1. Filter region 101-126 down to the residues that are surrounded by 12 or more Cβ atoms within 10 Å (Cβ to Cβ) and either assigned to a helix (DSSP H, G or I) or at pLDDT below 85 (or both) and list them by number.
2. Just to confirm my filter: which strands (runs of 3 or more DSSP E) fall fully inside region 14-88 and include at least 3 residues that are under 30 Å from residue 131 (Cβ atoms) and in contact with a Lys or Arg (Cβ under 8 Å, 6 or more places away or on another chain)?
3. When you go through (1) small (Gly, Ala, Ser); (2) in a helix (DSSP H, G or I); (3) touching a residue at least 24 places away in the same chain (Cβ under 8 Å) one by one for residue 92, which number turns out not to apply?
4. Does residue 141 satisfy being touching a helix residue (DSSP H, G or I) at 6+ places or on another chain (Cβ under 8 Å), of a type outside the set (Phe, Trp, Tyr) and either surrounded by 10 or more Cβ atoms within 10 Å (Cβ to Cβ) or at pLDDT 90 or above (or both)?
5. Given 108, 74, which one is among the β-branched types (Val, Ile, Thr) and free of Cβ contacts under 8 Å to residues at least 40 places away in the same chain?
6. How about region 33-85: which of its residues are exposed (fewer than 15 other Cβ atoms within 10 Å of the Cβ), at pLDDT 85 or above and basic (Lys, Arg)?
Amino acid sequence: MSTLATNKKAFHDFEVLDEFEGGLKLTGAEVKSVRKGDVSLAGSFLTLQRGELYLKNAHIGHYPPAGKEQPLDTRHDRKVLVHKRELHRLQAKHEAERLTIVPISLYTSQGFVKLGFALAKGKKKHEKRETLKKRDLDREIRTRLKE
């Protein structure tokens, strides 16, 4: 399992509550581009539409050797493949608790491109500052303990 892309801002902007995994429906050229590393999850999110899960606003660049058959928009919606029971569970929590579905990482597993995503609760500005302070304190404690 090799990680191809991560969404570092997700852990800064959101409090991750529950993690999931799903496949991504990609074209052959998109898969080659992802494996090459031309992918970004920054600013992307997942939505539920017509009983299906879609990844929106994720950038997957063009793969030049594939020719001109690729879509012009590098940020078009991509379907996320999950089991029905997971989809129902996601939908129930998303609607009942007003949680956001955020992509965490993109990786390969057994030759397939997988998307790790999570149900998350948005952090307020003061919560983000507290998290940064706590992380700095933990780092300082670890360095002092090493000495």
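1. Initially, region 101-126 is screened for residues surrounded by 12 or more Cβ atoms within 10 Å (Cβ to Cβ), giving 101-109, 112-123.
Answer for region 101-126, where residues must be surrounded by 12 or more Cβ atoms within 10 Å (Cβ to Cβ) and either assigned to a helix (DSSP H, G or I) or at pLDDT below 85 (or both): 120, 121, 122, 123.
2. On the way: elements: 14-24, 45-49, 52-56, 78-81.
By residue number, 14-24, 45-49, 52-56.
3. Only one criterion is unmet by residue 92, namely (3).
4. Working: touching a helix residue (DSSP H, G or I) at 6+ places or on another chain (Cβ under 8 Å): no; of a type outside the set (Phe, Trp, Tyr): yes; either surrounded by 10 or more Cβ atoms within 10 Å (Cβ to Cβ) or at pLDDT 90 or above (or both): yes.
Answer is no for this residue.
5. Unique residue meeting the criteria: 74.
6. Within region 33-85, 35, 36, 50, 84, 85 meet the criteria.
The values are calculated or read from the model by the stated rules, or taken from the named source; none is laboratory data. On a predicted model such as this, the values are computed, not experimentally measured, just so you know. Cβ: placed from backbone, ideal geometry, glycine included. Neighbour counts: every protein chain shown.
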